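What follows is a set of notes on a single structure, which appears directly below.
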Amino acid sequence: MCSDHAPAVEIPAVNGTNGVTNGRRQPKLPYQQHHSDERSNTGRFQIIESTLREGEQFANAFYDTETKIKIATALSDFGVEYIELTSPVASPQSRADCEAICKLGLKAKILTHVRCTMEDAKVAVATGVDGVDVVIGTSQILRDHSHHKSMAEITETAIEVVKWIKSQGVEVRFSSEDSFRSNIVDLLSLYQAVDKAGCDRVGVADTVGVATPRQVYKLVRTLRDVVSCDIETHFHNDTMCAVANAHAALEAGATHVDTSVLGIGERNGITPLGGLLARMIVESPDYVKSRYKLAKLKEIEDLVADVVQVNVPFNNPITGYSAFSHKAGIHSKAILAKPETYEILNPSDWGVKRWIHFSSRLTGWNAIKSRAGQLGLIITDEQAKLLTQKIKAMADVRPLAIDDTDSIIRSFCLEHQPEDQPDQ
Ligand SMILES: CC(=O)SCCNC(=O)CCNC(=O)[C@H](O)C(C)(C)COP(=O)(O)OP(=O)(O)OC[C@H]1O[C@@H](n2cnc3c(N)ncnc32)[C@H](O)[C@@H]1OP(=O)(O)O
Ligand SMILES: O=C(O)CCC(=O)C(=O)O
Ligand SMILES: [Zn+2]
C-alpha cells in the first residue's frame, strides 16, 4: 500500500458506516435516502455489465476467448445480474465466443447487443443468449449520418424485431442510441410502441455524454409514466457525469444500469462498476452488500486493467491508490479517533485498507504518536509534539520516505528514553 513517497500508518478498518456499532443501530444520516419515494429504485436496481461489449470498444481492448471467459466468470461470481457481449455479427470469433460463454452456465444472464435488423436479431438468438439488446440511433444527427432511417421506419422495424425475438422465448430490450439529442415526442412514442410489442426493457442511452442528472431525471421520470416494462440506462462519461446520471436515473424509476469495469468503453467510457457501487452503497448498504461480493472488486479491476494494459487511476473510487489515504493532521487525528469523520465508505467492506500519511509538513502530532505506537515506542503528548516539529523541519526541505521518518522517531525516542521505555 505504501510507497517511499507516501509514508503511511496502515490502520485497521474498524468503522461501522451505516452498520451496527456496539449493538446499537446507527441513526440514519439526514441525507441518506429513506426509500420513501416509491418511484426510486436506488434500493433495488440491477446491473448490466458491459465490459465484454462496451468495454471491447475501448481503444486498448483485445480479448481472446480465454480472457472473455475469465472476465465473464469473475463478473458472474461478483454478482452482476447480466453480462452483455459484443454483437455476434462483428466477426466469426465474436460469434463463437458468444456461443461459448452461453454454454458456461453462469449465474448471470447472458445478453448480446445488435443493430435493429431482423438479420442481426436472428444471428443473436441463434447463439443461445438469454437476451438480446437491440439498439438504433434516434437523434436527427444519427439518422442523417449513420443509418438514414426515418422514425416511421425505425418504429416499424423495431416492432418486428422485438416481436420476433420475444416469439423465440428470448428476453428483449430495445434502446434508442443518443436519446438525449432525440426529439422527446418521437422518442416516447417509439418506446410506447415497443413496450406494446412486448419488450422486456426499453433503454435510454446518453451515447455522447451530454446529459446532466437533472435532464436524466426528467426524461426517465416521464418515460416511467409512459411504459410498463423495465427501464435500462447507459451513460457515457465525457463530462464526468456518468455515475451521477445513473443515480439520477434510478431515483426517477430506472431499473437497470449499464456499467463496465473501470468504466472502459468508447472514448473515455461509461459508468464504472466500482464508481456506481460506491455511490449506491452509501444510501442502500444492505441491498448492495447482499447482492455483490464487494471484496472481489479489486481483483476484477486488476484483471481488466492488466488485460487492457492500463493502470488503475490513483483516484479511482475504492481501489485507487489514495482512495483511503489521509494526510493532513486535522484529518488524521479525527480518522484515528473515528473513521467516519472523513470516510463515507468503509474500506473493510471492499477488502482494502485505509492508511495515514505521517511524513509531511502537514502531519500532526496525533499521527506521529500513533506511528510511534505502531513501532512499539511509547511517548507522551508533549514528546510527540516536539518530535512532530522535528519531522516538519525535515519535511520542509525534501519529501521524506517512511524509513526517514521512522529513523527520526526512533532516534528521538533513544534520546528521550524514559526509565520504563521498552528497549528497541
Ligand atoms: C453506440 C454504440 O456503441 S452501438 C454498438 C456499436 N457496436 C458495434 O459497432 C459492433 C461492432 N461493429 C461491427 O463489427 C460492424 O460495424 C458491423 C458488423 C456491425 C457492421 O459492419 P459493416 O457492414 O461493415 O458496416 P459499417 O460498420 O461500416 O457501418 C454500419 C452499418 O450499420 C448501419 N447501422 C448503424 N447503426 C444501425 C442500427 N442501430 N440499426 C441498423 N443499422 C444500423 C449503418 O447504416 C451502416 O450500414 P451500411 O452498411 O448500409 O453503410
Ligand atoms: O444499447 C444501448 O443502450 C447503448 C448503446 C451504446 O453503447 C451507446 O449508445 O453509447
Ligand atoms: Zn455506449
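The values are calculated or read from the model by the stated rules, or taken from the named source; none is laboratory data. Quick caveat: nothing in here was measured; it's all calculated off a predicted structure. We place every Cβ from the backbone using ideal geometry, glycine too, and count neighbours over all the protein chains shown. Ligands, DNA and RNA are stripped out before the accessible areas are found, and what is left, the full protein with its side chains, is counted by its heavy atoms. Shrake-Rupley method; radii C 1.70, N 1.55, O 1.52, S 1.80 Å.
Among the residues of the range 240-256, is there at least one that is among the hydroxyl-bearing types (Ser, Thr, Tyr), modelled with pLDDT of 95 or more and more than 17 Å from the chain's Cα centre (by Cα)? Checking the range 240-256: not a single residue is among the hydroxyl-bearing types (Ser, Thr, Tyr), modelled with pLDDT of 95 or more and more than 17 Å from the chain's Cα centre (by Cα).
Of all the listed residues (184, 159), the sole one being under 29 Å from residue 241 (Cα atoms), among the aliphatic types (A, V, I, L, M) and more than 13 Å from ligand 1 (Cβ to nearest atom) is 184.
In the range 39-58, which residue that is more than 14 Å from ligand 3 (Cβ to nearest atom) and more than 15 Å from the chain's Cα centre (by Cα) is surrounded by the most Cβ atoms within 10 Å (Cβ to Cβ)?
Going residue by residue through the range 39-58, those that are more than 14 Å from ligand 3 (Cβ to nearest atom) are 39-47.
Cutting the leftovers down to more than 15 Å from the chain's Cα centre (by Cα) gives us 39-41, 43-44.
On the way: 39: 13, 40: 20, 41: 24, 43: 16, 44: 12.
If we take residues in the range 39-58 being more than 14 Å from ligand 3 (Cβ to nearest atom) and more than 15 Å from the chain's Cα centre (by Cα), then 41 is surrounded by the most Cβ atoms within 10 Å (Cβ to Cβ).
Every condition in (1) of a type in the set (A, V, I, L, M); (2) assigned to a loop (DSSP other than H, G, I, E, B); (3) farther than 24 Å from residue 251 by Cβ holds for residue 72 except the one numbered (2).
Scanning the range 237-263 for residues that are open to solvent by 10 Å² or more (accessible area, probe 1.4 Å), under 27 Å from residue 299 (Cβ atoms) and either within 11 Å of ligand 3 (Cβ to nearest atom) or among the hydrophobic types (A, V, I, L, M, F, W, C) (or both) yields 237, 240, 243, 244, 262. For the range 293-318, what are the residues that are on the phi > 0 side of the Ramachandran plot and over 13 Å from the mean Cα position of the chain (by Cα)? Within the range 293-318, 309 is the sole residue that qualifies. When the residues of the range 92-126 are filtered to those that are within 16 Å of ligand 3 (Cβ to nearest atom) and either modelled with pLDDT under 95 or out of contact with any Cys (no Cβ under 7 Å at 6 or more places or on another chain) (or both), the one that is farthest from residue 187 (Cα to Cα) is 111.
When we screen 129, 161, 204 for residues that are closer than 22 Å to residue 234 by Cα, surrounded by 17 or more Cβ atoms within 10 Å (Cβ to Cβ) and within 16 Å of ligand 3 (Cβ to nearest atom), the only hit is 204.
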